[in-house]
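Student: There's a structure below that I have some questions on.
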Amino acid sequence: MSEEEKKEPQESGTAEAGEQAKQKTAEAEADPEKAAKLKAAAEARAARAAAKAAAEAAEAAEASAPPAPSPKQPELDAAAALIRREVADEALEEVYINELNGHMPTIIVKNDYWRSIAELLKIENDLTYLRNVSGVDYETHLEVVYHLVSLQSGRELTVKVKADREKPEVSSATPVWATANWNEREIYDLLGIVFTGHPDLRRIMMPDDWVGHPLRKDYEPLDSEV
Amino acid sequence: MKGLFRGLGVTLKAMTSPKVTTSYPDVPFEMPDRFRGIQHFIPELCIVCNQCARICPTDCITLTGKPNPDPEKRGKVIDTFDINFEICILCDLCTEVCPTEAIVMTNHFELSAFSRDDLFKDAQWLTDNNTLVRKDNNNIGAPAKGGAK
Amino acid sequence: MIRTEELLLNVGPQHPSTHGVFRIVVKLDGEVITEATPVMGYLHRGTEKLAEQLNYTQIIPYTDRMDYVSAMTNNYVLVHAVETMMGLEVPERAEFMRLIVMELQRVASHLVWWGTYLLDIGAMSPFLYAFRDRETIINLFNELCGARLTYNYMRVGGVKWDAPPGWIDKVSEFIPYMEGKLREYDKLVSGNEIFLARIKGIGKYDAATAIDYGLSGANLRCTGVDWDLRKAEPYSLYSRFEFDVPLGQNGDCYDRYRIRLEEISQSLRILKQAIAQFPSGGETMGKVPRAIRPPAGEVYTRIESPRGEIGCHIVSKGKAEPYRLKFRRPSFVNLQILPKLLIGETMTNLITILGGVDIVVGEVDC
Amino acid sequence: MGAWLNGPMTWGNAVVIFLWGAVFLMIVLGFVTYAIYFERKVIGWMQFRQGPNRVGPLGLLQTVADIFKLLIKEDTIPRKADRLLFMLAPVLAYVPAFSVLAVIPYTQKLYFADLNVGLLYYVALSGISTLAIVLGGWASNNKYALLGGMRSAAQMISYEVPLVISVVGVILLSGSLNLRDIVEAQSGGWFWNWNFLPQIIGFAVFIIAAVSELNRTPFDLPEAESELVAGYHVEYSGFRFAFFMLTEYVYVYAIAALTTVLFLGGWQAPAPFLEFVPGILWFLLKFVFVVFFLFWIRATFPRIRVDQLMGLGWKVLLPVSLLNVFLTAVYIELFIKG
């Protein structure tokens, strides 16, 4: 239980304690009023318990019914099928819909097929606009996320490429989309993922002689006081 | 050539039109009521709940409470309350989460000092900074009255 | 044969017209640039690393300081991302306040760009004209949220303050005033033959290069690509208002200049409609759980900031702090085209093209 | 003034002439201080702001304070700079600027030197300042200063030529190089027999070339703040920098006075019934108008690019001024001589 919750009961405890103390001093003439207050508090507690029970029941019902197929599912299946047919069957590690993000179709690809998949997506699915490249450090492994969008049809696709922590290696998308150049240099600089095939992989944010990659979870800051 | 002369016409007209600059150091610049200036601290209202120290993005508030001196009251009373104005960004989150509005913003913004430790303001200084205090304090982040549910 | 040697020149990091701490190492042959390599990182404050220890309300003041010229749109992209993750419902009035404030911010940001762009090209007065008009917007923001530049105005689930009494009328008074001022700008500068000679046909690129380089905002629309997130992927209440998106033909500095000025009048048009449909009642803060903990998962939201598409990619593990927060900053991405554009240009054109791309270094280095 | 000059060169005369020179130097320095103040005020008004108003009543002592600051400021010489040339450049810039003023007649009787080649003397000496700017740019061993120096050399040379040729029309009309005769030729009561109406083309070319000669906006390439940071005087500080500023404003004085004399009829009154007003007032009125025009342009126009500057100089101004000379010659041949 995070520190906040520990905080609240104790703090509301003090507020309630403050109230009870006030009540104690005003005990003599406020007897019926105190009884009324206790009864009201009991009723409130009962009502709250009932509401919670109803909510849990609703959740259970909803989880058991199969989630309605997301509108973008056919789009995703088409893209996945295209990649399996054109590139290789085992190129895709995982294919799923990210509901949180407005049902964004997401595919996770293997690094060695990533360059051919990128060219395929750019030509076949007209995903000409690489909108964002982010690097994420999941402690167990590193990951690069490419967000693509087609300006004509407005269809979107997120592509993720995993890389292990010791020797992170991802083939670069700069030959396919020129915008990936600086984004990948920034990820190399802050997370240390080496992008093979990148025209000039140098540090972009940090000074060139900087040691370590600051955005990694296990990066100990230079002066620990921060 | 026509564009050049039209441009000259605009600047000529501007020459005779009223000026917009304010003479700040001589005439004080009065800020609207909601302006986020230097904080004003009211020690009596503070219940030492540490909310402001925890919400501060730059951790520049350091406060210590001491048990309540008169016996029958429970809870804590504030002992020292310091804001380090070197790193305080006047983002108004502390006044937002303070349940008892013990810390409030004022309209003052002159904070320049000759040495860094002048910027380390203590509770006394913050309490004296009581002119032009903001009236419309809306602390939506604070827990509702009567303790959190 | 005269042996000429290339002159290596450092433009920046402390230079009057690089819009902040940004440096370009330029190889000059006489006045012609043979190679330009931008160097950045002087203003890198590691916002993304800091964000990993701050809960979402504490990150909002940091977003103000990224693109310090249009802080409202930064606030909105972060707050919008958290709301999509948690599926929060923002009340109508709060959404209207956000939209009005963002469009005012777009006008203010374009005014700063217009003033400094003219200053780079040599005309001194327009800068003062632009800042005089921007001052009215800044005072409006000062009355609304208490700050002139770093507003910290939006919260997850709504906005912090409701409009003070009389604020909305002040905004509706500002619109005709600003339209009059736009005509004055046109008379002062847009017809000026020297100015047109300085920016026509400079820094040209076509639609394919713009898309390939991932440019966004006026830099993309100046090549004729109709991609404005307010129209293409409508967020907030933009689908309710009709406004048109100015497009250019030949992708040079002049088109970008004209598009940004046209965008100011379009924003004023949106503001007029927004004030007309402004809801009378309604509260400004939605129902938000006490501690904001978005469910585990990942989200990438993007909106149209005055400089282009600003995106916020949050990876959350269900805790109150984001596991990873990445901002897609338009100035950082728009800047990639600069080295390619500068080959063969003269020194004076370097400043014109850099001003035309409209970068803010706080956003480039984030 | 004429009497002393024509008289024998005794010690007494020499001292008097030297004293007159010193008095004139004081007047010019006074003009420069209040021209800078007036410029900052006018440009301020055009930009909706007040302009200097803090030092002294109404800010009148602002420029005096600036000059005093420059005097007491430590003027550094970059270590690797070429010391001799670095020190010589400001002197070489200021001396021709001041000596050029000797030739300008103010009224019938008030003039300093009555050279019969007055105009030629002016044009010849003003060329030396270009040398000084290039020298300053090279000697301060700074890339930006070098670029500034190169640009100003190219600009000055390419605008010296149209400046001189545009004036040839006036010389043809008035038949003499002596500035006093040129003003005499423009007399005849009404303002339309001033030179700027018959010589309208020459006047336009002269104004453009003069603004470029002064390195002022829209031609302020050498010290273009936004590109070259500060152009040739980036390494100068203290009094040496003041010398460069002094040169610029003394040239504003010289060009304004020259325009008044050549094209706006010196001390002539615009209409015969206004003859009673003394000549010096007309001279000052026209002089102040030309100075105001220079400040007005500086507040409004952006900067022109280097290659456009060259193109305008050689491909537009030169042919137009040649055409003007040709037209004047034809006009004289047909109407006056014929």
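The values are calculated or read from the model by the stated rules, or taken from the named source; none is laboratory data. Owing to the predicted nature of the structure, the values given are computational and were not obtained by experimental measurement. A quick note on method: Cβ atoms are made from the backbone with ideal geometry, for glycine too, and the neighbour counts reach across all protein chains shown. Accessible surface is based on the protein model in full, side chains and every heavy atom, while ligands, DNA and RNA are left aside. Shrake-Rupley method; radii C 1.70, N 1.55, O 1.52, S 1.80 Å.
Student: Just one of C:Gly122, C:Gly115 is within 26 Å of C:Ser190 (Cβ to Cβ), surrounded by fewer than 24 Cβ atoms within 10 Å (Cβ to Cβ) and within 14 Å of chain D (Cβ to nearest Cβ); which is it? Outline the logic, then answer.
Tutor: On the way: C:Gly122 fails: surrounded by fewer than 24 Cβ atoms within 10 Å (Cβ to Cβ).
Just one listed residue meets the conditions, C:Gly115.
Student: I've got another one for you. I'd like to know if the stretch D:285-299 contains one or more residues that are outside any helix (DSSP H, G or I) and away from chain C (no Cβ under 14 Å).
Tutor: Within the stretch D:285-299, the first condition is being outside any helix (DSSP H, G or I), and the residues that meet it are none.
No - not one qualifying residue is present in the stretch D:285-299.
Student: Can you tell me which of (1) within 14 Å of another protein chain (Cβ to nearest Cβ); (2) open to solvent by 20 Å² or more (accessible area, probe 1.4 Å); (3) modelled with pLDDT of 85 or more is the one D:Met245 doesn't meet?
Tutor: (1)
Student: Report yes if D:Ile36 is in a helix (DSSP H, G or I), under 28 Å from D:Phe287 (Cβ atoms), more than 21 Å from the chain's Cα centre (by Cα) and away from every other protein chain (no Cβ under 14 Å), otherwise no. Spell out how you get there, then give the answer.
Tutor: Numbers: in a helix (DSSP H, G or I): yes; under 28 Å from D:Phe287 (Cβ atoms): yes; more than 21 Å from the chain's Cα centre (by Cα): no; away from every other protein chain (no Cβ under 14 Å): yes.
No; evaluated as a whole, the condition is false for this residue.
Student: Also, I was wondering about something else. Can you pull out every residue in the stretch A:154-208 that is open to solvent by 20 Å² or more (accessible area, probe 1.4 Å), in contact with a Lys or Arg (Cβ under 9 Å, 6 or more places away or on another chain) and of a type in the set (Lys, Arg)?
Tutor: A:Arg155, A:Lys162, A:Arg165, A:Arg202, A:Arg203
Student: Go through the stretch D:115-133 residue by residue and tally those that are open to solvent by 50 Å² or more (accessible area, probe 1.4 Å) and closer than 20 Å to C:Met347 by Cβ.
Tutor: Going through the stretch D:115-133, the residues open to solvent by 50 Å² or more (accessible area, probe 1.4 Å) turn out to be D:115-117, D:120-121, D:124, D:128, D:131.
In the following step, the residues that additionally are closer than 20 Å to C:Met347 by Cβ were identified as none.
Of the residues in that region, 0 qualify.
Student: Determine if the stretch B:62-72 includes at least one residue that is closer than 28 Å to C:Asp64 by Cα, under 14 Å from the mean Cα position of the chain (by Cα) and surrounded by 17 or more Cβ atoms within 10 Å (Cβ to Cβ).
Tutor: Looking only at the stretch B:62-72, we keep the residues that are closer than 28 Å to C:Asp64 by Cα, and these are B:62-63.
Now restrict to residues that are under 14 Å from the mean Cα position of the chain (by Cα): none.
Taking every residue of the stretch B:62-72 in turn, none turns out to be closer than 28 Å to C:Asp64 by Cα, under 14 Å from the mean Cα position of the chain (by Cα) and surrounded by 17 or more Cβ atoms within 10 Å (Cβ to Cβ).
Student: Same structure, new question: Looking only at residues in the stretch C:66-104 that are small (Gly, Ala, Ser) and more than 14 Å from chain A (Cβ to nearest Cβ), which one is nearest to C:Val156 (Cα to Cα)?
Tutor: Here is the first cut: in the stretch C:66-104, the ones small (Gly, Ala, Ser) are C:70-71, C:81, C:87, C:94.
Next, from what is left, pick out any that are more than 14 Å from chain A (Cβ to nearest Cβ): C:70-71, C:94.
Values: C:Ser70: 19, C:Ala71: 16, C:Ala94: 11 Å.
Ranking the qualifying residues of the stretch C:66-104, first place goes to C:Ala94.
Student: Could you pull out the residue among C:Ala210, C:Ala197, C:Ala163 that is more than 7 Å from every other protein chain (Cβ to nearest Cβ) and under 30 Å from C:Pro339 (Cβ atoms)? Outline the logic, then answer.
Tutor: Values: C:Ala197 fails: more than 7 Å from every other protein chain (Cβ to nearest Cβ); C:Ala163 fails: under 30 Å from C:Pro339 (Cβ atoms).
C:Ala210 is the lone residue from the list that is more than 7 Å from every other protein chain (Cβ to nearest Cβ) and under 30 Å from C:Pro339 (Cβ atoms).
Student: If you take the residues in the stretch B:73-116 that are away from chain C (no Cβ under 14 Å) and under 24 Å from B:Phe29 (Cα atoms), which one is farthest from the chain's Cα centre (by Cα)?
Tutor: Only one residue fits best here, namely B:Phe114.
Student: Could you give me the residue pairs with C-beta distances under 6 Å whose first residue belongs to the stretch D:302-319 and is facing chain C (nearest Cβ under 10 Å), whose second residue is in a helix (DSSP H, G or I) and surrounded by fewer than 19 Cβ atoms within 10 Å (Cβ to Cβ) wherever it lies, and which are 6+ apart or on separate chains?
Tutor: From residues that are facing chain C (nearest Cβ under 10 Å), the pairs are D:Gln308/C:Ala197.
Student: Just wondering, is there one or more residues in the stretch C:172-189 that are outside any helix (DSSP H, G or I), touching a helix residue (DSSP H, G or I) at 6+ places or on another chain (Cβ under 8 Å) and within 11 Å of chain B (Cβ to nearest Cβ)? Spell out the reasoning first.
Tutor: Taking the stretch C:172-189 and keeping what is outside any helix (DSSP H, G or I), we get none.
No: zero hits.
Student: Continuing with the same structure: Quick test for you: out of C:Ser239, C:Ser190, C:Ser172, pick the one residue that is open to solvent by 40 Å² or more (accessible area, probe 1.4 Å), within 26 Å of C:Glu135 (Cα to Cα) and over 20 Å from the mean Cα position of the chain (by Cα).
Tutor: Working: C:Ser239 fails: within 26 Å of C:Glu135 (Cα to Cα); C:Ser190 fails: open to solvent by 40 Å² or more (accessible area, probe 1.4 Å).
Answer to the selection: C:Ser172.
Student: Among the residues of the stretch D:141-153, is there at least one that is in contact with a Leu (Cβ under 8 Å, 6 or more places away or on another chain), crowded, with 24+ Cβ neighbours inside 10 Å, over 26 Å from D:Ala102 (Cα atoms) and modelled with pLDDT of 85 or more?
Tutor: The answer is no, given that none of the residues of the stretch D:141-153 is in contact with a Leu (Cβ under 8 Å, 6 or more places away or on another chain), crowded, with 24+ Cβ neighbours inside 10 Å, over 26 Å from D:Ala102 (Cα atoms) and modelled with pLDDT of 85 or more.
Student: May I pose another question? Could you run through the stretch C:214-259 and say how many residues are out of contact with any helix residue (DSSP H, G or I) (no Cβ under 8 Å at 6 or more places or on another chain), in a loop (DSSP other than H, G, I, E, B) and polar (S, T, N, Q)?
Tutor: The total comes to 1.
Student: Inspect the stretch C:216-224 for any residue being open to solvent by 10 Å² or more (accessible area, probe 1.4 Å) and among the charged types (D, E, K, R) and give the result as yes or no.
Tutor: Initial filter on the stretch C:216-224 (open to solvent by 10 Å² or more (accessible area, probe 1.4 Å)): C:223-224.
Checking the rest, the ones that are also among the charged types (D, E, K, R) come to none.
No, because not a single residue in the stretch C:216-224 is open to solvent by 10 Å² or more (accessible area, probe 1.4 Å) and among the charged types (D, E, K, R).
Student: Of the residues that sit in the stretch D:301-338 and are aromatic (Phe, Trp, Tyr) and within 24 Å of the chain's Cα centre (by Cα), which one is surrounded by the fewest Cβ atoms within 10 Å (Cβ to Cβ)? Steps first, please.
Tutor: Here is the first cut: in the stretch D:301-338, the ones aromatic (Phe, Trp, Tyr) are D:301, D:314, D:326, D:331, D:335.
Retained after the next criterion (residues that are within 24 Å of the chain's Cα centre (by Cα)): D:301, D:314.
On the way: D:Phe301: 27, D:Trp314: 14.
Result: D:Trp314.
Student: Cβ-Cβ under 6 Å, sequence separation 6+ or interchain: first residue in the stretch C:305-322 and more than 13 Å from C:Met85 (Cα to Cα) and at the interface with another protein chain (Cβ under 10 Å from one of its Cβ atoms), partner assigned to a loop (DSSP other than H, G, I, E, B) and open to solvent by less than 10 Å² (accessible area, probe 1.4 Å). Which pairs?
Tutor: What qualifies is C:Glu309/C:Ser216.
Student: Are there any pairs, at least 6 apart or on different chains, whose C-beta atoms fall under 8 Å, with the first in the stretch D:67-84 and closer than 26 Å to D:Tyr249 by Cα and the second open to solvent by 100 Å² or more (accessible area, probe 1.4 Å), and if so, which?
Tutor: Pairs that qualify, where the first residue is closer than 26 Å to D:Tyr249 by Cα and the partner is open to solvent by 100 Å² or more (accessible area, probe 1.4 Å), are D:Ile77/D:Arg83.
Student: State the number of residues belonging to the stretch D:164-206 that are buried (at least 20 other Cβ atoms within 10 Å of the Cβ) and closer than 10 Å to D:Phe263 by Cα.
Tutor: 12
Per-residue answers, yes or no, for (1) buried (at least 21 other Cβ atoms within 10 Å of the Cβ); (2) touching a helix residue (DSSP H, G or I) at 6+ places or on another chain (Cβ under 7 Å):
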{"site": "B:Cys56", "(1), (2)": "yes, yes"}
{"site": "B:Gly75", "(1), (2)": "no, yes"}
{"site": "B:Phe81", "(1), (2)": "yes, yes"}
{"site": "B:Ile87", "(1), (2)": "no, no"}
{"site": "B:Cys91", "(1), (2)": "yes, yes"}
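Student: Still on this structure, I have one more. Out of the residues in the stretch C:307-326 that are assigned to a strand (DSSP E or B) and among the charged types (D, E, K, R), state the one that is nearest to A:Tyr138 (Cα to Cα). Don't jump to the end; show me each part of the working.
Tutor: First, pick out the residues of the stretch C:307-326 that are assigned to a strand (DSSP E or B): C:308-316, C:324-326.
Subset that is among the charged types (D, E, K, R): C:309, C:324, C:326.
Values: C:Glu309: 27, C:Arg324: 9, C:Lys326: 14 Å.
Only one residue fits best here, namely C:Arg324.
Student: Here is a further query. Is it the case that the stretch B:31-44 has a residue that's buried (at least 17 other Cβ atoms within 10 Å of the Cβ), in contact with a Leu (Cβ under 6 Å, 6 or more places away or on another chain), at pLDDT 85 or above and in a loop (DSSP other than H, G, I, E, B)?
Tutor: yes
Student: Inside the stretch C:125-160, can you point out the residues that are within 14 Å of chain D (Cβ to nearest Cβ) and of a type in the set (D, E, K, R)?
Tutor: Of all residues in the stretch C:125-160, those within 14 Å of chain D (Cβ to nearest Cβ) come to C:125-136.
Those that are within 14 Å of chain D (Cβ to nearest Cβ) and of a type in the set (D, E, K, R): C:Arg132, C:Asp133, C:Arg134, C:Glu135.
Student: I would also like to ask the following. Any idea how many residues of the stretch C:2-17 are part of a loop (DSSP other than H, G, I, E, B) and either at the interface with another protein chain (Cβ under 10 Å from one of its Cβ atoms) or at positive phi (or both)? If you could, list the steps in order and put the result at the bottom.
Tutor: So in the stretch C:2-17, the residues part of a loop (DSSP other than H, G, I, E, B) come out as C:2-6, C:12-17.
If we keep only those that are either at the interface with another protein chain (Cβ under 10 Å from one of its Cβ atoms) or at positive phi (or both) too, we end up with C:12, C:14-17.
Residues meeting the conditions: 5.
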